[in-house]
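The values are calculated or read from the model by the stated rules, or taken from the named source; none is laboratory data. Because the structure is a prediction, the values reported are computed rather than measured. A quick note on method: Cβ atoms are made from the backbone with ideal geometry, for glycine too, and the neighbour counts reach across all protein chains shown. Accessible surface areas use protein heavy atoms only, side chains included; no ligands, DNA or RNA. Shrake-Rupley method; radii C 1.70, N 1.55, O 1.52, S 1.80 Å.
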Amino acid sequence: MKKSTLVLTRKIQLIVDLPTQEERKEVLDKLYRWQNRCFRAANFIISHLYIQEMVKDFLYLSEGIKYKLVDEKKDKVGLLQRSRMNTTYRVVSDRFKGEIPTNILSCLNNRLHSSFNKDYQSYWKGESSVKNFKRDMALPFGLEGISGLSYHPEKKSFCFRLFQLPFKTYLGKDFIDNQGLLEQVLSGEIKLCTSQIKLDKGKIFWLAVVEVEKDNHQLQPEIIAEASLSLEYPLVVKIGKSRLSIGTKEEFLYRRLAIQASRKRIQAGVTYSKSGKGRTRKLKAVDKMSDVEKNYVHHRLHIYSRKLIDFCINNKAGTLILLDQQEKIELAKEEEFVLRNWSYYEFITKIKYKADKAGIELITA
């Protein structure tokens with residue numbers, strides 16, 4: 001039976017809710033210390049998990065040795081002093097005790113155990129290497145770490161404490177209605193799950209993970225929508241006699257190439273820019289343009305995928321088939337121009353997410 005709920009992640013900016021700059025800086029420094037300990041703990045955990053799993057392949061061990069990766073109290077040939085889950089937790093807990101909340105270490109340990117079990121076969125076959133975590137990784141935390149989540153009308157924001165550190169939300173223009181989402185969390189309509197804190201260039205972001213009910217549109221699985229991605233039109237979809245072309249080549253591709261050309265012109269002129277503060281001032285215009293292309297593509301693909309799903313819903317189509325996708329992917333790999341400019345993978349990812357939320361079965365042919 002299919003699950004009736006869907007897990008979503010919303011990115012919400014946070015501001016330290018303290019009066020003085022010194023106090024706010026102290027909290028930010030503490031978060032960066034926690035991030036460093038989390039990064040180190042993640043690499044410790046994944047290394048220990050890999051060694052534990054691969055111990056049977058250590059050919060230089062004596063043949064008479066018998067072992068199991070279980071607690072020695074439960075099995076006489078067990079190698080471990082405690083459960084396997086607890087071994088890695090104790091390693092990082094003993095090493096970073098007092099330097100980072102244990103709730104973060106516990107959530108990190110659970111997440112890495114789960115991901116390692118999924119990827120174990122590819123490690124064992126030598127098809128992939130063990131994950132290496134970066135210094136800017138997000139900090140996971142459970143619901144125990146949040147307290148006092150409420151809306152303050154005078155501050156016009158949601159406030160809460162994370163491990164006793166005070167924060168308030170900054171929602172900005174809020175195009176995706178994060179305020180409505182948080183109001184539903186407060187009322188109990190939506191369940192808040194284990195989330196993360198992300199630090200980016202001195203800013204704090206809350207990656208709030210929520211479990212929501214899927215939309216119920218009374219769709220009919222026997223009604224099939226056939227969609228195809230192409231170079232002439234970003235998307236063409238057909239349901240019976242109904243047909244819809246979404247977007248045009250000029251609208252998407254040419255605009256994207258224009259943004260790329262604009263960025264190259266700016267880069268060419270950097271040499272002659274005023275250098276007042278050195279590299280930072282010279283590259284100010286380039287840095288401003290760096291995310292323009294990404295944001296444009298993200299926005300257009302969001303609109304295209306939204307139109308596709310709305311078309312399916314309006315026609316009661318419960319099944320969506322993406323035709324000839326393997327052929328398109330192979331073409332994208334062979335043609336550097338296509339791979340660079342057409343964003344097949346991101347497009348398909350957005351379609352999958354929206355189809356799942358609407359209760360539409362997606363089939364890739």
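Here the condition is being acidic (D, E), open to solvent by 50 Å² or more (accessible area, probe 1.4 Å) and not in a strand (DSSP E or B); of E183, E222, E226, E211, it holds for E183 alone. I190: at pLDDT 85 or above, more than 28 Å from the chain's Cα centre (by Cα), closer than 29 Å to A317 by Cα and not polar (S, T, N, Q), yes or no? Taking the combined requirement at face value, the residue does not satisfy it.
Residue-wise test of (1) in contact with a helix residue (DSSP H, G or I) (Cβ under 8 Å, 6 or more places away or on another chain); (2) without any contact (Cβ under 8 Å) to a residue 24 or more places away in the chain.
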position	(1), (2)
L112	yes, no
S122	no, yes
G126	no, yes
V130	yes, no
E144	yes, no
F160	no, yes
K168	no, no
D177	no, yes
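Of the strands (runs of 3 or more DSSP E) entirely within the stretch 1-96, those holding at least 3 residues that are at pLDDT 90 or above occupy 5-16. Taken as a whole, the stretch 144-161 holds no residue that is part of a loop (DSSP other than H, G, I, E, B) and either touching a Phe, Trp or Tyr at 6+ places or on another chain (Cβ under 8 Å) or buried (at least 16 other Cβ atoms within 10 Å of the Cβ) (or both). Scanning the stretch 1-17 for residues that are open to solvent by 50 Å² or more (accessible area, probe 1.4 Å) and hydrophobic (A, V, I, L, M, F, W, C) turns up M1, V7, I15. Just one residue in the set N132, N109, N103, N117 is within 26 Å of the chain's Cα centre (by Cα), open to solvent by 60 Å² or more (accessible area, probe 1.4 Å) and under 30 Å from K203 (Cα atoms); that residue is N132.
Within the stretch 293-325, the set of residues being hydrophobic (A, V, I, L, M, F, W, C) and open to solvent by 50 Å² or more (accessible area, probe 1.4 Å) comprises L323 only. Within the stretch 27-43, the set of residues being free of Cβ contacts under 8 Å to residues at least 60 places away in the same chain and buried (at least 16 other Cβ atoms within 10 Å of the Cβ) comprises R40 only.
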